[in-house]
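Inspection log for the structure reproduced underneath, given as structure tokens.
Each reported figure results from applying straightforward, stated rules to the coordinates on display, with no laboratory input. Nothing here was measured: the structure is a model prediction, and the numbers come from that model. Cβ placement follows ideal geometry from the backbone for every residue including glycine, while neighbour counts extend to all protein chains displayed.
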Amino acid sequence: MRKICFVCLGNICRSPMAEFMMRELASDKELEIASRATSGWEHGNPIHHGTQKILKKYKIAYNSSKYSQQISLEDFAYFDYIIGMDKTNVDDLKQLSMGQFNQKIFLFNDDGVPDPYYTGDFEETYTLVKKGCQNWLEKIN
């Protein structure tokens, strides 16, 4: 079973959206899917209300008791794919992993996914995340 972890800055918007989108798209695959943050700023906070709203709109099942978690060295060792939602996330992941796990760290898509916490555009984020998850599903199968 392959293990995938999506990572963004706070683990309340983009990475949980990718986690639950991938679970929906890959429901028939043997994958373990999770999400984490590069920072501890939002540690323990629930999924952003904008992310919850867009997931409900498109009938994507999600766990409302999901809370923000920062990535750990144990996570780097455990997951096969650690996917940063933007280039800054990838740079932060490489620094946090101290170079030990760079071969597992990938950028979600070529341009990254803008953070809807700042842009307010959860619809754009949903579109980019859906397409990116479909692309990742093809890559890992």
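Worth pointing out:
- Three-way shape call for region 1-75 based on the alpha-carbon gyration tensor, with the a/c threshold at 1.5: oblate
- Legend: P(r) of the chain from all alpha carbon pair distances, 10 Å bins from 0, whole percents, reading 13, 48, 35, 4.
- Relative contact order of region 2-140, defined on C-alpha pairs under 8 angstrom at six or more residues apart (%): 29
- Residue (of Gly120, Leu31, Asn45) at the positive-pole extreme of the chain, dipole from beta-carbon charges: Leu31
- Global form of region 63-114, assessed from the alpha-carbon gyration tensor, a/c cut-off 1.5: oblate
- Label-to-label distance, Asp28 versus Asn141, with points set 7 angstrom from Cα along the beta-carbon direction: 0.8 nm.
- Under a Gaussian network description of the chain, with springs only between Cα atoms under 10 Å, the residue in Met98, Met21, Met85 that fluctuates furthest is Met98.
- Residues whose amide H lies under 5 Å from that of Ile33, counting only those 5 or more places away or on a different chain, are Ile4; hydrogens are built 1.01 Å from N in the peptide plane.
- The label point for His49 and the one for Glu124, both projected 7 Å from the Cα toward the Cβ, are 2.2 nm apart.
- Within the chain, DSSP assigns beta bridges of which about 5% are antiparallel (rounded to the nearest 5).
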